[in-house]
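The values are calculated or read from the model by the stated rules, or taken from the named source; none is laboratory data. Source: prediction; values computed, not measured. Cβ sites come from the backbone with ideal geometry, for glycine too, and all protein chains shown count toward neighbours.
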Amino acid sequence: MNIHLGAAKKALPIAPANPQPDRMDTGSERDPSKILTAPNVLMVFPKFNSHSFWNLQEVCDIIGVRCPAPPLGLITVAALLPPAWNIRLINRNAEELSEADIDWADMVMTGGMFPQQADTFVLIKLCHSRGKPVVVGGPAPTSSPQIYGEADFLVLGEAEGVIDQFIAAWSTGAKKGVFEAEKFQVDVSKSPIPRFDLLKREHYIYIGVQFSRGCPFNCEFCDIIELYGRVPRAKTNEQMLAELDTLYRMGHRGHVDFVDDNLIGNKKALKRFLPELHRWQQERNYPFKFSTEASMNLTDDAQLLKMMRDANFFALFVGIESPIRKPSLPPRRSKTPGAALPIACTKSTEPACSLPRGSLSVLIPKRTVSPTI
């Protein structure tokens with residue numbers, strides 16, 4: 001049963017599955033009606049390429065943890081699934097995936113970014129060998145759905161805009177399908193609190209939360225605006241504080257990362273939120289220290305820098321792109337426009353955070369190199 005649901009979208013092709021004569025049927029003893037209405041869902045976060053920026057294994061070894069951060073996307077999807085569905089999470093960067101884990105599942109959900117692509121393919125084959133359907137989503141499948149044709153289901157785009165269609169299809173017995181959300185239309189203020197309870201927090205350096213999606217800039221090498229658009233959409237103050245309250249009640253203390261690709265993309269929303277965050281921190285004796293990513297034009301706003309410092313932001317990752325524009329190049333809205341880089345390095349006399357980091361993108365014809373400094 002092939003299903004494609006979306007907003008007047010052209011159906012995406014699904015490559016025919018290769019014959020698998022050795023595919024194992026584990027023969028679930030569960031009531032088939034329960035499998036449809038209350039399935040066992042195994043969420044598996046694929047391994048990152050060991051040579052990618054996202055690995056950082058040596059740093060984790062020094063700190064005494066297994067990997068930098070948990071899969072915020074998967075635990076957000078988990079919160080979108082029906083309460084009756086039984087969910088387990090395995091992060092392949094932190095723990096082993098066993099045959100028993102796969103055999104427990106009625107479906108396996110996986111996917112992620114491009115540095116996880118190779119392991120995603122491994123997972124699809126492994127789960128199929130044990131007779132389990134695989135649901136794939138995330139940034140990489142959304143950008144290149146045609147190469148994930150071996151998956152049984154593709155859930156493309158922001159999950160909040162399409163997951164109900166997948167749930168309905170599964171609950172009526174669908175075996176395959178492609179479900180695509182309309183781009184940039186998700187109201188993130190309706191996104192649920194992620195399922196932090198699924199995490200083994202001791203495995204990670206920090207826990208991530210998300211305030212907004214999208215970025216107003218137009219950097220030519222970046223796929224963020226293709227995935228989330230150029231009009232940043234922000235959560236409400238109450239929504240963000242509820243997420244932090246959940247982490248606080250669970251006993252988490254210390255580092256929390258705002259995973260936004262550009263936290264200051266929607267300055268108006270952020271300036272409404274930061275005073276509330278400051279008060280929340282004060283009332284609880286500052287249980288969290290925050291990090292995030294932002295564009296270099298943050299240094300143009302002394303008020304915003306102070307508000308972030310007051311809320312206890314201690315680390316900032318800055319993208320440094322195209323600091324010098326040649327006259328022959330067409331104008332583009334870059335995160336580091338014109339001469340902003342040298343100005344930014346001298347403008348702020350009082351640092352807003354104690355640990356600035358940067359990613360310097362060197363643009364070379366037919367190649368982009370992005371070392372971290």
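Structure data summary
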item: Cβ pairs under 6 Å, 6+ apart, first in region 171-199 and among the acidic types (Asp, Glu), second part of a loop (DSSP other than H, G, I, E, B); result: Glu180/Gly6; Glu180/Lys9; Glu180/Gly157; Glu182/Ala7
item: Residues of region 114-159 that turn out to be under 16 Å from the mean Cα position of the chain (by Cα) and hydroxyl-bearing (Ser, Thr, Tyr), as a count; result: 3
item: Qualifying positions in region 120-167 - in contact with a strand residue (DSSP E or B) (Cβ under 9 Å, 6 or more places away or on another chain), closer than 18 Å to Phe45 by Cα and among the aromatic types (Phe, Trp, Tyr); result: Tyr148, Phe153
item: Subset of region 31-60 (residues that are modelled with pLDDT of 80 or more, in contact with a Ser or Thr (Cβ under 8 Å, 6 or more places away or on another chain) and surrounded by fewer than 16 Cβ atoms within 10 Å (Cβ to Cβ)); result: Ile35, Leu36, Thr37, Gln57
item: Options Glu243, Glu293; residue that is within 18 Å of Tyr206 (Cα to Cα), acidic (Asp, Glu), assigned to a helix (DSSP H, G or I) and within 18 Å of the chain's Cα centre (by Cα); result: Glu243
item: Number of the condition not met by Val259 [criteria: (1) β-branched (Val, Ile, Thr); (2) closer than 19 Å to Phe314 by Cα; (3) in contact with a Phe, Trp or Tyr (Cβ under 8 Å, 6 or more places away or on another chain)]; result: (3)
item: Residues being more than 29 Å from Ile163 (Cα to Cα), in a loop (DSSP other than H, G, I, E, B), touching a residue at least 24 places away in the same chain (Cβ under 8 Å) and not charged (D, E, K, R) - total across region 56-93; result: 1
item: Set Val231, Val259: member being touching a Gly at 6+ places or on another chain (Cβ under 7 Å) and modelled with pLDDT under 95; result: Val231
item: Pair list, Cβ < 7 Å and 6+ apart or interchain, from region 118-131 residues that are of a type outside the set (Ser, Thr, Tyr) to residues that are exposed (fewer than 15 other Cβ atoms within 10 Å of the Cβ) and modelled with pLDDT of 95 or more; result: Arg130/Glu99
item: Hits in region 270-291 (condition: of a type in the set (S, T, N, Q) and surrounded by 17 or more Cβ atoms within 10 Å (Cβ to Cβ)); result: Gln281, Ser291
item: Which numbered condition Ser28 fails, given (1) at pLDDT 50 or above; (2) surrounded by 10 or more Cβ atoms within 10 Å (Cβ to Cβ); result: (1)
item: Output for region 134-158, where each listed residue is surrounded by fewer than 20 Cβ atoms within 10 Å (Cβ to Cβ) and not in a helix (DSSP H, G or I); result: Ser144, Gly149, Glu150
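For (1) of a type outside the set (A, V, I, L, M); (2) in a loop (DSSP other than H, G, I, E, B), each residue gets a yes or a no:
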{"position": "Glu160", "(1), (2)": "yes, no"}
{"position": "Asp164", "(1), (2)": "yes, no"}
{"position": "Ala168", "(1), (2)": "no, no"}
{"position": "Glu182", "(1), (2)": "yes, yes"}
